[in-house]
1. Within segment 240-280, how many residues turn out to be open to solvent by less than 80 Å² (accessible area, probe 1.4 Å), assigned to a loop (DSSP other than H, G, I, E, B) and farther than 21 Å from Leu128 by Cα?
2. Assess whether Phe222 counts as being crowded, with 16+ Cβ neighbours inside 10 Å and either over 25 Å from Ala108 (Cα atoms) or charged (D, E, K, R) (or both).
3. Answer with yes or no whether Leu212 is more than 16 Å from Ser149 (Cβ to Cβ), modelled with pLDDT of 95 or more, in a helix (DSSP H, G or I) and open to solvent by 10 Å² or more (accessible area, probe 1.4 Å).
4. Return only the number of the condition from (1) in contact with a Pro (Cβ under 6 Å, 6 or more places away or on another chain); (2) open to solvent by 70 Å² or more (accessible area, probe 1.4 Å) that Ala175 does not satisfy.
Amino acid sequence: MTTPSAPSSTPSLGTSALARAFGGSLFAKTLFDNRRVLIAWALATGLLAMMYAAFYPQISADSLASVPEAMRGFGLDDATSAAGYLQGAVFGLLVPLLVVFYGAATGARMISADEESGYLDLLLAHPLGRVRLLLHRFAALAAGAVLISAAVLAAMLAVRTSAKLDSITIGGFAAQTVNLALLAILFGALATAIGAATGKGRATVFGVTAGLGVAAYALRGFAPQVGADWLRHLTPFDYYIGGEPLKNGFQPADAAVLAAVTIVLIAAGAWRFTCRDVAR
């Protein structure tokens with residue numbers, strides 16, 4: 001007579017990986033899965049910011065005269081001071097567009113990529129609520145934005161003395177990079193919310209978010225040319241750099257506006273995500 005064997009405690013093949021993944025933190029797993037992309041974004045943005053900041057000693061008063069009038073609204077109207085140069089060429093032109101594209105590209109992956117591939121159904125078949133899934137994924141995106149901003153801050157401090165940027169305080173650099181992180185997180189929230197709310201594909205979500213970002217950027221830059229400065233206040237870029245953090249330090253009101261818009265976007269996306277059918 002044989003004795004019945006005890007049930008095996010080893011998970012069956014095919015479920016073990018998911019069991020291990022969801023036994024821990026989804027936030028940590030998302031960060032781990034995207035680690036190479038996040039590091040690449042941080043290094044590329046930091047190095048680009050460092051390269052353009054290092055050009056400051058070569059800027060002369062004559063450089064300002066060569067700037068087209070139409071570009072003055074983009075912060076290129078004061079290239080002779082350290083803060084003015086960085087506010088235009090680095091933090092007003094290149095870096096913010098890069099973090100907009102980071103937010104759009106990463107946010108498009110958070111929900112849309114899984115739904116497009118059919119993997120979202122498998123994720124939601126486990127004891128994992130939709131809101132929790134969205135928030136953990138978005139928290140990983142936000143951590144990536146903080147990493148990018150930290151890389152930019154480190155790059156600025158690395159060349160601060162050699163590039164004759166000492167007139168800008170460390171607090172000024174920190175304030176500007178905090179706003180940079182908030183800007184990236186806001187556009188990441190927009191992309192995540194669009195994907196969660198509509199179920200559109202990754203390419204569509206990225207295109208819509210990046211397009212809105214570029215349009216808002218252009219609106220802030222060209223509004224003074226048509227005598228409509230008030231339109232600048234309708235764009236997140238005005239709260240990102242309009243208070244001139246490099247010169248004036250951290251601006252709590254501007255940061256609060258960026259954070260509030262982010263919260264509204266994520267809340268709206270989460271609400272719609274819980275209501276709609278994601279079955280494929």
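The values are calculated or read from the model by the stated rules, or taken from the named source; none is laboratory data. Small disclaimer: the values here were computed from a predicted structure and weren't measured. With ideal geometry, Cβ positions are generated from the backbone for all residues, glycine too; neighbour counts draw on all protein chains shown. All accessible areas refer to the heavy atoms of the entire protein, side chains included, with ligands and DNA or RNA removed. Shrake-Rupley method; radii C 1.70, N 1.55, O 1.52, S 1.80 Å.
1. 5
2. Here the answer is yes, as Phe222 does meet what is asked.
3. Judged against the criteria, Leu212 is a match.
4. The one condition Ala175 does not meet is (2).
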